[in-house]
Amino acid sequence: MPTDQSPETTRSQRWAVPVVGLAMGVGFIAVFLARNDPGMAVGGFVIMAAYVLILVMASRRSESAALLRGQTTDERRRAINQRASTFTLNVLVLVLLAGFVTELIRGHSGHPWDVLCAAGGVTYILATIYFSRRG
């Protein structure tokens with residue numbers, strides 16, 4: 001039996017990604033104007049606004065766009081989101097480790113790859129402990 005979320009929760013989830021996307025666009029404006037680069041300020045905002053607009057318009061007909069928009073309204077969508085997140089984590093771990101090892105082979109210290117690998121490893125260990133005790 002599905003345990004769909006309440007309409008209020010679904011509504012707030014539906015707009016979380018677009019709001020964050022537009023906030024990032026505004027952040028690009030601030031950062032690039034502070035660096036005296038108005039072209040990048042406009043370009044960064046336009047890219048984020050276009051991404052948000054595409055997600056909002058396409059999410060009505062595309063389940064993939066709805067998921068990218070954060071609409072995990074049932075068990076199936078939550079499972080897809082969890083599998084996609086797990087796959088992404090595995091790819092990122094491989095990239096981090098490859099970057100770290102490559103820097104060591106080149107004779108460098110491995111920094112900042114070492115910090116990123118440590119942050120990922122410690123986070124994974126703590127999350128595993130937390131969620132295994134939480135049930």
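So how far, in whole Å, is the C-alpha centre of region 105-135 from the one of region 70-86? Taking the Cα centre of region 70-86 as reference, the centre of region 105-135 is 24 Å away. Calculated accessible area for region 22-68 comes out at 68 Å² per residue, all protein chains present (probe 1.4 Å; ligands, DNA, RNA ignored). The 3J(HN,Hα) values that the Karplus relation (6.51, -1.76, 1.60; θ = phi - 60°) gives for region 88-99 are, in residue order, 4, 4, 4, 5, 5, 4, 4, 5, 4, 5, 5, x Hz. Gly and Pro appear as x. Length gained on full extension, I54 to A23, computed as 0.36 nm times the residue gap minus the Cα-Cα distance: 9.5 nm. Please list log₁₀ I(q)/I(0) at q = 0.12, 0.14, 0.15, 0.16 Å⁻¹ for the chain, using the Debye equation with identical point scatterers on the alpha-carbon positions. With one equal scatterer per Cα and no solvent, log10 I(q)/I(0) is -0.77, -0.98, -1.05, -1.10. Its relative contact order, with pairs defined as Cα atoms under 8 Å and 6+ residues apart, puts region 75-130 at 25 percent.
Per-residue extension of 0.36 nm, minus the Cα-Cα distance of A34 and A16, leaves a gain of 3.8 nm for this segment. Using the Cβ-Cβ distance between V95 and R134 with R0 set to 35 Å, the FRET efficiency works out to roughly 0.75. Of the accessible area of the chain, with the probe set at 1.4 angstrom, what percent is carbon plus sulfur? C and S fraction of accessible area: 68 percent. Between V122 and Q82, the distance separating the two model label sites (each 7 Å from Cα on the Cα→Cβ line) works out to 2.8 nm.
The values are calculated or read from the model by the stated rules, or taken from the named source; none is laboratory data. Just so you know, these numbers come straight off a predicted model, no measurement behind them. As a convention, Cβ positions derive from the backbone with ideal geometry for all residues, glycine included, and neighbour counts pool all protein chains shown. Keep in mind that these areas ignore ligands, DNA and RNA; they rest on the heavy atoms of the full protein, side chains included. Shrake-Rupley method; radii C 1.70, N 1.55, O 1.52, S 1.80 Å.
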